[in-house]
Amino acid sequence: MAGPFAHLADDLESIRQKNLYRSRRVIQSSQGVHVQIDGRTLVNFCSNDYLGLAQHPAVVKAFKNAVDEYGVGSGSAHLICGHSVIHHALEEELAAFTGRDRALLFSTGYMANLGVMTALLDRSDAVFEDRLNHASLLDGGLSSGAKFKRYAHADVDSLAVHLQQATGNKLVVTDGVFSMDGDFAPLDDLSRIAKQENAWLMVDDAHGLGVIGEQGGGLLEYYGLSQADVPILMGTLGKGFGTFGAFVAGSETLIETLIQKARTYIYTTALPTAVAAATRASLQLVIQEAWRRSKLNALTQRFKCGAGQLGLTLMPSSSAIQPIRVGGSHTAVALSNALFDAGFLVSAIRPPTVPQGSARLRITFSALHDEQHVDQLLDALGKIMHD
Ligand code: PMP
């Protein structure tokens, strides 16, 4: 008789056979434009540190100073004794930055999404999600117990039909900038339909906040939307802000509800205070250094233009996420490996992260890149893709 979980080894083999096996690369250097792997230096085109703040001296200094003063661990959950004056100040600053009544820190974006949806929804409610939403949003919707519907990507008409048929409280949930495609959710139309159908709209702007909009206000700034249009805004701190963690911003009632009911908030250790201190410093840079966004846009435009000249088909993205869809997982991995050999770190994204048959290279830019990096990447892509 086979022992328990005897199928695991077979499962792994089957993942390998399908070219879907995931392996980690060990980074031997600090994170930055250049990273070292296997003793080789590569130009990094797969980080989400879009503004280049993860290594910024002011952010690092704030972190170090706070470690000296507060130590490393926060000691407990926020509701016990883990909520420091630094966490509190950061929440107030994030509320002001997003133009909302309040903000609440979560230890990760994944937990924020799970926490919001499980706190707000139950079996008598309904949640509507874009088909391409991030896994944490899908998991949040599924774990909430609410009726769960996925609508076609960015398809407001398909959403409207679903909404009209639903009962109970209705929550529409979408990525702002889609994490694997880089395109923008049609938030203006989504908020209009949501209001019309008496639903709330929740936006996960993990890849937009800090990065999109003249002031870094993300997709809500881009569309000119307020708290009344989008009652729930989730942002992560590990991407544009260059640190770690996440927050939810919205009304007093929303935030107090999360404090009382969000299990991923209540039952977990608060972020280290030093992470909050570092994020306060990076938030100031996000606000003050608009040149980082302009530079990122210029680099992205340069890439799009060069890729067009090479005859490469890009996806309809105007963000710093520029995927090249290649279809098969085997092809995506082969291209990523060829780029690696040429000195560029670009990740191959495969199912189940993206739908079957839509494996891709996901290229991301950072304000720390310069034009030469972009041109070198284009050069390598030109050679590799046309081989
Ligand atoms: N939402 C989106 C759209 C994301 O891309 C991510 C991170 N990949 C998350 C949520 C999760 O955030 P975190 O890494 O802070 O858990």
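The values are calculated or read from the model by the stated rules, or taken from the named source; none is laboratory data. Quick caveat, the model's predicted, so the values are computed rather than measured. Cβ placement follows ideal geometry from the backbone for every residue including glycine, while neighbour counts extend to all protein chains displayed. Remember, those area values only see protein heavy atoms, side chains included, never the ligands or the DNA or RNA. Shrake-Rupley method; radii C 1.70, N 1.55, O 1.52, S 1.80 Å.
Brief remarks follow.
- Within the stretch 228-253, the set of residues being outside any loop (DSSP other than H, G, I, E, B), surrounded by 24 or more Cβ atoms within 10 Å (Cβ to Cβ) and more than 14 Å from the ligand (Cβ to nearest atom) comprises ALA249, GLY250.
- Residues in the stretch 19-56 that are touching a helix residue (DSSP H, G or I) at 6+ places or on another chain (Cβ under 7 Å) and of a type outside the set (A, V, I, L, M, F, W, C): ASN19, TYR21, TYR50, GLY52, HIS56.
- Wholly enclosed strands (runs of 3 or more DSSP E) of the stretch 27-114 bearing at least 2 residues away from the ligand (no atom under 16 Å from the Cβ): 34-37, 40-44
- Candidates VAL211, VAL156, VAL161 - the one that is within 16 Å of the ligand (Cβ to nearest atom) and β-branched (Val, Ile, Thr): VAL211
- Residues that are surrounded by 16 or more Cβ atoms within 10 Å (Cβ to Cβ) and of a type outside the set (Gly, Ala, Ser) within the stretch 200-216 comprise TRP200, LEU201, MET202, VAL203, ASP204, ASP205, HIS207, LEU209, VAL211, ILE212, listed in sequence order.
- Test: residue in the stretch 360-375 that is open to solvent by less than 20 Å² (accessible area, probe 1.4 Å), aliphatic (A, V, I, L, M), in a helix (DSSP H, G or I) and closer than 16 Å to ALA307 by Cα: yes
- Inter-residue pairs, beta-carbon under 7 Å, first within 21 Å of GLY218 (Cα to Cα) and in the stretch 30-51, second more than 16 Å from the ligand (Cβ to nearest atom) and of a type in the set (D, E, K, R), 6+ apart: LEU51/ARG292
Each row is one residue, and each column tells you yes or no for (1) touching a strand residue (DSSP E or B) at 6+ places or on another chain (Cβ under 6 Å); (2) in contact (Cβ under 8 Å) with a residue 60 or more places away in the chain; (3) polar (S, T, N, Q).
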site: THR269; (1), (2), (3): no, yes, yes
site: ALA276; (1), (2), (3): no, yes, no
site: THR279; (1), (2), (3): no, yes, yes
site: SER282; (1), (2), (3): no, yes, yes
site: VAL286; (1), (2), (3): no, yes, no
site: ASN297; (1), (2), (3): no, no, yes
site: LEU361; (1), (2), (3): yes, no, no
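- Pick from the stretch 172-199, criterion more than 16 Å from the ligand (Cβ to nearest atom) and open to solvent by less than 10 Å² (accessible area, probe 1.4 Å), ranking: nearest to the chain's Cα centre (by Cα): SER191
- Applying the set (1) assigned to a strand (DSSP E or B); (2) open to solvent by less than 50 Å² (accessible area, probe 1.4 Å); (3) not hydroxyl-bearing (Ser, Thr, Tyr) to ALA332 leaves exactly one unmet item: (1).
Each row is one residue, and each column tells you yes or no for (1) among the basic types (Lys, Arg); (2) at pLDDT below 95.
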site: ILE266; (1), (2): no, no
site: ALA278; (1), (2): no, no
site: LEU285; (1), (2): no, no
site: ARG292; (1), (2): yes, no
site: SER318; (1), (2): no, yes
site: HIS330; (1), (2): no, yes
site: LEU339; (1), (2): no, no
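- Number of the exception - LEU381 against (1) open to solvent by less than 10 Å² (accessible area, probe 1.4 Å); (2) closer than 27 Å to GLY242 by Cα; (3) in a helix (DSSP H, G or I): (2)
- In the stretch 87-117, the qualifying residues are those that are over 20 Å from the mean Cα position of the chain (by Cα) and in contact (Cβ under 8 Å) with a residue 12 or more places away in the chain, and the one that is most open to solvent (accessible area, probe 1.4 Å) is ASP101.
- Condition met for GLY224 (more than 16 Å from the ligand (Cβ to nearest atom), among the small types (Gly, Ala, Ser) and farther than 14 Å from HIS134 by Cβ): yes
- Residues (open to solvent by less than 50 Å² (accessible area, probe 1.4 Å) and either under 16 Å from the mean Cα position of the chain (by Cα) or farther than 19 Å from TYR110 by Cβ (or both)) located in the stretch 130-153: ASP130, LEU132, ASN133, SER136, LEU137, LEU138, GLY140, TYR151, ALA152
- Unique residue being part of a helix (DSSP H, G or I) and within 13 Å of the ligand (Cβ to nearest atom) when the list is VAL203, VAL275: VAL275
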